[in-house]
Each structure stands twice: as C-alpha cells, then as structure tokens.
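The values are calculated or read from the model by the stated rules, or taken from the named source; none is laboratory data. Every value quoted in this text rests on a predicted model; they were computed, and no experiment measured them. Cβ coordinates were reconstructed from backbone atoms using ideal geometry, including for glycine residues, and neighbour counts include every protein chain displayed.
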Amino acid sequence: MSRHANDRSAIAALVRPTEVHRDIYIDEDVFQLEMKHLFANCWVFVGHDSQTPNKGDYFTTEIGTQPVIMVRHSDDEIYVLHNRCPHKGTKIAIDRAGNTGKFFRCPYHAWSFKTNGCLLAIPLRKGYKDTGLEESESVKGMAPVGAVKNYRGFVFARLAPEGVSFEDFFGSSLSSIDNMVDRSPAGRLEVAGPPLRYMHRCNWKMLVENQTDTCHPMVAHESSAGTAIKLWEEMEKPEGTKKPMAMEVIAPFMSSYEFFENMGIRTWPNGHGHTGVHHSIHSDYSAIPGYFEQMCEAYGEDRAREILGENRHNTVYFPNIMIKGPIQQLRLFKPISANKTLVESYIYRLVDAPDMLLQRTAMYNRLINAPTSMVGHDDLEMYERAQEGLHSDGLEWVNVQRLYQPGESFEQEAIENGTTERQMRNQFDAWTKYMTMTMDEAAR
Amino acid sequence: MSAPSKDDLIDFIYEEARMLDDGRFDEWLDLWTPHGIYWMPLEYDQQDENLVTSLLHEDFFMIKLRVERFKGERTFSQKPKTRCHHVIQRPFVDRLDVDAGEFVTHTAFHYVETRLDDQTLLAANARHDLVLVDGKLKIKRKRVDLLNSDAAFGNIQMFL
Ligand code: FES
Ligand SMILES: [Fe+2]
C-alpha cells in the first residue's frame, strides 16, 4: 500500500510554512507523484537551440524521467517529442545527439516519422487495410509534448497539454536569462561542448535548494576554497602578483556571512529566485581585454554598463535548473529516483565575445561542477549524508525557517537578506501548487 | 642521469603509480616541474583544453591544493579517507629523444578508488610528457583519458 496516495490534502500536508516532511526527499511514492504531476504541470528546461543548429539535428534528454527528443524540423522550428515509437514503444533515438535527416526511422519495424513526429510510412502498409488503424493513437506518430517555448535560445516544455502559460509561469524571472544572453555583443549564446555529468546519490531537491543556500560555502568549502586561500598566501611571490584565474574563481567561496547577507536574495512567484541582488561571488573577476569595448559598441555605454552591472549569482528556475548569468552556465538537476539525481553542467559561449571569457567559464565549470572537482566533493558529501540522515526516525521534519516572516506570501516579488531561506520556502510553495494542481481530493 | 634509458622511463611510471597508491603525495609532488599540467579530458579524443570543459585541467598550484586538501582537518569528503590502487601495463615509450630532452610514454591502466562501502573501477590511458631537470626526470604534462570519460560519475577524489 502506498504511503502517499494521489491525494491533494495528504500531499499538501507534507509542507508547512517553516518545515517540510522528510518523505519529500526519501519516499519513492512521492517521487513518482512528482514525475506525474509536478514535472508535467511545470515548464521544464529541455535544451539550448544551439544544440540543434541544423534541420534534422536532434538531442535526446529527459523531462523528469520521461525520455524526449528535441529536434529541429524542416520549418526551422524546434519540436519536443516523446522518445517512444507509437508502434511498440521502442526508443527512437539512443545517441545523445545527432542528425536524423528528413525523418526518424524506428530501428524495430521501420515505421518512419517526420521530424515533427507525424507518421510518414509503415512498411507493407496494406497489412493494416480495413483494420481501423486510422482510429488508433499510433497512427498519429511520435507524440509531441504538451507545449514548447523557445525563449532566446532556451527551450522549455510543458508535458501537460493544458496548464499555465510560459509567460505566467516565469513572469519577471526571465530577466536572468535576458541578462545572460545580453552579455553577448551579438545577443546570442552557443553551447560549448558536452556537459559535465555528475551522479548524485541524493534527492534532486537538495541540489536545487543548495543553489540559494548561502550559509554553507564558508563551512562546507573551507576544505577547498579555504585551503586555496591559505596556500596562495603562504606562497612566495613577488609583491603585486596578480591572482590567477583559478584563485579568482575559487576564493570567493570563502566570503563572510556578512558578504552573503548583503548580497541579497530575490524571489519571484512560482518558485523562481536568485542570490546576488547587489553583488555576488562573480563581481570581482578581472576585466577581459576588449570585451567592454565590444559591449559598448553593440549596446551603447550606458546599456553595456547596466548589463554588466547585474551580478546575479545563482538563479533558480523552478523546478530543476539553475543558471549563472555572469559565468554563462546552466546546471540541470535530472531526477532519476527519490535518492538519485544526475547533474548536467553546461557552459555557453557569448557569441562575438573574446575567447578568454569562455576559458573562464570552462574553468569555473571544471573547478566547481566536475565529479573530479574539490568543490563538488564538498557539496556531494553533504547531500549524501543528508539523504542517509533523513532515514533516522528521530525527527520527521526538515527545517527551512531562517528569516521566516509570519504570514509570508510568495505571490509578489521580494528582496530579502541574502542568508534567508525564503527562496527554499518559495520552492516548496510552488512544489505544493504544481504537485496538487491536477490531483483530486481523496474520497473519504 | 644524463641520458635516461627506456627502462628509466618505465620505472618512473611504475614508481609514480606506487607513490599514489601509498599516499606518498609529497614525494609525488616532487615529480612535477613547476609548470606541470595535469589534464583529464571530458570528451573522447578531446583536442581543446581551454574552451570546452574538461574533467580536470590543473596547474601545479592546483595539484598542490588537492594534496593539501587531502590532509585538511575539515575535509569532510575525506573522512574517512579514500584509498586508491593502480594496476598498470608495461608503459610504451613513444618518444625518447635525448638531444631534444623529450620523453613521452603511453600507459594503459586500471584504477580503483575505494571509500566506505564503495569501490569504483576505472580504465584509462595516460600520456606522460617528461623532461630532465637537473638530471632528474620530471612530469611536464600528464594527460589521463578515461575510457568512459563521458559517463556520469560520483566523486572521483584521488589522482589517477
Ligand atoms: S516498435 Fe517501432 S516500428 Fe515497431
Ligand atoms: Fe556548495
């Protein structure tokens, strides 16, 4: 018997204003309900359109745990199709990326489909004559997801055919994507190489919460960032030696509580939010020669300053991505099971900007997000300890109370002290909303 | 050592692996030139080391940082400590140019990392670019290509 049935009030009861029930992290039934409801009702990140630049280019991924294909059709539109043959279910594409030409062909019985999913041909079609194939679902071809939106290159999809619109779901939070894209003098980003893939034996939400957890870096990362600072200071070097790029990237992880308090956190409705309202751990990077000039030329000096003056640190787009505008990076937290999550960390090139920017981006990615990265080791150790610790029957609730204000509402955008856990509460508010949106009350 | 022989190069590679397995990191650091680069690509046959991501691309400062971190009091992911084990094939000596002072080896090996109840086995190839510094062989560059570099790993905490 399932501990958590498809029941609106039972699910809602797992979230309280200042704490959440541990089953949200460890219970497999809750996880299945997340896949069925939460990931179907939200707008979920699929990929970047530069991953499929040409007609017929495709890219395979998952929305929640559903396999999908993102593909560029002959009309240049991006389609997102369920990666499942309508005949017997075979996955159509297995490669992580490729070009399929004008059509997909199932490797099992050779049914073929246009790149928008429509059924193109079935071998020996006359075998279906007078069988009523036209009435079947299979004849429609590969099923598209409910809705797709390409926002400045970032492709999002909603699995459910009906629901909240893209604009209503994201609202003003799109300003973080805007800022990341505007940092390119051409106003365009391109994916640079494959993502780092990092397997985490913990619940996906722990990772998302950690993106706006500003009370852990100076503690958990003392081993990596703290040691780096110590080593650098001990080193014999001529007066005025410039900090190497790696030090510029890693040292700010040891910033003080005060630094993080003052940097601020902004929350938007529907679970989105970001750290780094006033400054961030990316603010003090050295200027890259020639870049500012290019930006001024493209946008005019005032606008260029405005774009580069935004130093948002981590922007969480509910439910499962985080982007870093100033470093052109996107992290996707792919749920696999209640206690398993695949993290994919992508980097982007700012089209027309100097290569040195991309070099820093690539460096940031491997220093912080690789399975071989010291900073990543610090974090993963904590998640896995939490995933194990939550099995203790000693306590059932997880505390997210820091800087809570009674009667808190997430309907409006707000800016708070940078060490608040308000953004985590915001995510749980959205979690309840999208989990229960399509659930019924249990018949009692 | 004025002109290292083929055996000298091969012994060097074996000794390096043994130092890592024994946790003799300070000795191991001594094997590097101050401008040494340790690289683990992410992609099969990756050529670009700067403008796409790698698993690891570190200079001597960062390599030293890793060693320092292992020893740290508050290195929680090293409580308890990871242990590693290399099984290496006899290295190929791909280049032995005494006049140019350039020595290149290719080594196929299996690497095991273990901590608590977990044990990870990785298969890899290493290319070492060695040079003579004050008559001693030193690593100028080490490139490690994991057979499954594009797979999703958990923590890989030690040096391969
Ligand atoms: S399963 Fe795809 S054609 Fe039969
Ligand atoms: Fe962290």
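Things worth noting here:
- Positions within the stretch A:281-321 being crowded, with 24+ Cβ neighbours inside 10 Å and hydrophobic (A, V, I, L, M, F, W, C), in sequence order: A:Ile281, A:Val316, A:Phe318
- Members of the stretch A:348-362 found to be facing chain B (nearest Cβ under 8 Å) and either touching a helix residue (DSSP H, G or I) at 6+ places or on another chain (Cβ under 6 Å) or among the charged types (D, E, K, R) (or both), listed by number: A:Arg349, A:Asp355
- Matching residues in the stretch A:184-200 - criterion: being basic (Lys, Arg) and within 16 Å of B:Ala152 (Cβ to Cβ): A:Arg197
- Hits in the stretch A:287-324 - residues which are of a type in the set (A, V, I, L, M) and over 19 Å from A:Val44 (Cβ atoms): A:Ala287, A:Ile288, A:Met295, A:Ala298, A:Ala304, A:Ile307, A:Leu308
- Count of the stretch A:70-97 residues, restricted to those that are in a loop (DSSP other than H, G, I, E, B) and within 16 Å of ligand 1 (Cβ to nearest atom), is 12.
- Exclusive hit being within 11 Å of chain B (Cβ to nearest Cβ) and farther than 16 Å from A:Leu367 by Cα, set A:His216, A:His200, A:His221: A:His200
- Some residue of the stretch A:381-395 being more than 13 Å from chain B (Cβ to nearest Cβ) and within 21 Å of the chain's Cα centre (by Cα): no
- Any hit, the stretch A:129-137, residues being β-branched (Val, Ile, Thr), within 16 Å of ligand 1 (Cβ to nearest atom), free of Cβ contacts under 8 Å to residues at least 12 places away in the same chain and away from chain B (no Cβ under 14 Å): yes
- Candidate set: the stretch A:39-56, residues that are surrounded by fewer than 21 Cβ atoms within 10 Å (Cβ to Cβ) and in a loop (DSSP other than H, G, I, E, B); chosen: the one nearest to ligand 1 (Cβ to nearest atom): A:Gly56
- You will find that of A:Val219, A:Val164, A:Val155, A:Val249, the residue that is in contact (Cβ under 8 Å) with a residue 40 or more places away in the chain, hydrophobic (A, V, I, L, M, F, W, C) and part of a helix (DSSP H, G or I) is A:Val249 and no other.
- Criterion (buried (at least 18 other Cβ atoms within 10 Å of the Cβ), touching a residue at least 24 places away in the same chain (Cβ under 8 Å) and not in a helix (DSSP H, G or I)) met by exactly one of B:Pro4, B:Pro34: B:Pro4
- Some residue of the stretch A:123-139 being modelled with pLDDT of 95 or more, surrounded by 18 or more Cβ atoms within 10 Å (Cβ to Cβ) and away from ligand 2 (no atom under 16 Å from the Cβ): no
- When A:Lys242 is tested against the conditions (1) in a loop (DSSP other than H, G, I, E, B); (2) within 14 Å of chain B (Cβ to nearest Cβ); (3) surrounded by 15 or more Cβ atoms within 10 Å (Cβ to Cβ), the lone failure is (3).
- The lone exception for A:Val351 - which of (1) touching a Ser or Thr at 6+ places or on another chain (Cβ under 8 Å); (2) at pLDDT below 95 it fails: (2)
- Between B:Phe70, B:Phe60, B:Phe103, the distinction of being aromatic (Phe, Trp, Tyr), touching a residue at least 12 places away in the same chain (Cβ under 8 Å) and more than 14 Å from chain A (Cβ to nearest Cβ) belongs to B:Phe103 only.
- One residue alone among A:Glu236, A:Glu209, A:Glu248, A:Glu222 is closer than 18 Å to B:Phe70 by Cα and either under 25 Å from the mean Cα position of the chain (by Cα) or surrounded by fewer than 22 Cβ atoms within 10 Å (Cβ to Cβ) (or both), and that residue is A:Glu222.
- Criterion violated by A:Thr100 - all others in (1) under 30 Å from A:Leu196 (Cβ atoms); (2) more than 15 Å from ligand 1 (Cβ to nearest atom) satisfied: (2)
- Options A:Pro144, A:Pro194: the member that is within 24 Å of A:Ala93 (Cα to Cα) and away from chain B (no Cβ under 14 Å): A:Pro144
- Odd one out for A:Gly376 among (1) more than 20 Å from A:Leu207 (Cα to Cα); (2) within 16 Å of ligand 2 (Cβ to nearest atom): (1)
- Close pairs (6 angstrom Cβ cut-off, 6 or more residues apart or separate chains): within 14 Å of chain B (Cβ to nearest Cβ) in the stretch A:99-114, away from ligand 2 (no atom under 16 Å from the Cβ) anywhere: none
- Qualifying residue in the stretch A:400-421 (condition: within 16 Å of ligand 2 (Cβ to nearest atom), at pLDDT 95 or above and under 20 Å from the mean Cα position of the chain (by Cα)): yes
Residues are listed down the side, and each one gets a yes or a no for (1) in contact with a strand residue (DSSP E or B) (Cβ under 8 Å, 6 or more places away or on another chain); (2) under 30 Å from A:Gln328 (Cβ atoms); (3) hydroxyl-bearing (Ser, Thr, Tyr):
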| position | (1), (2), (3) |
| --- | --- |
| A:Ala121 | yes, no, no |
| A:Leu124 | no, no, no |
| A:Gly127 | no, no, no |
| A:Leu133 | no, no, no |
| A:Lys149 | yes, yes, no |
| A:Gly153 | yes, yes, no |
| A:Glu162 | no, no, no |
| A:Glu167 | no, yes, no |
| A:Asn179 | no, yes, no |
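Conditions (1) on the phi < 0 side of the Ramachandran plot; (2) touching a helix residue (DSSP H, G or I) at 6+ places or on another chain (Cβ under 6 Å); (3) within 11 Å of ligand 2 (Cβ to nearest atom); (4) assigned by TED's automatic domain parsing to the domain that holds A:Tyr383, marked per residue:
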position	(1), (2), (3), (4)
A:Trp204	yes, no, no, yes
A:Val208	yes, no, no, yes
A:Cys215	yes, no, yes, yes
A:Val219	yes, no, yes, yes
A:Ser224	yes, yes, yes, yes
A:Lys230	yes, no, no, yes
A:Met235	yes, no, no, yes
A:Pro238	yes, no, no, yes
A:Lys243	yes, no, no, yes
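- Condition met for A:Phe59 (of a type outside the set (Val, Ile, Thr), outside the structural domain of A:Val343 (by TED's automatic domain parsing) and away from ligand 1 (no atom under 16 Å from the Cβ)): yes
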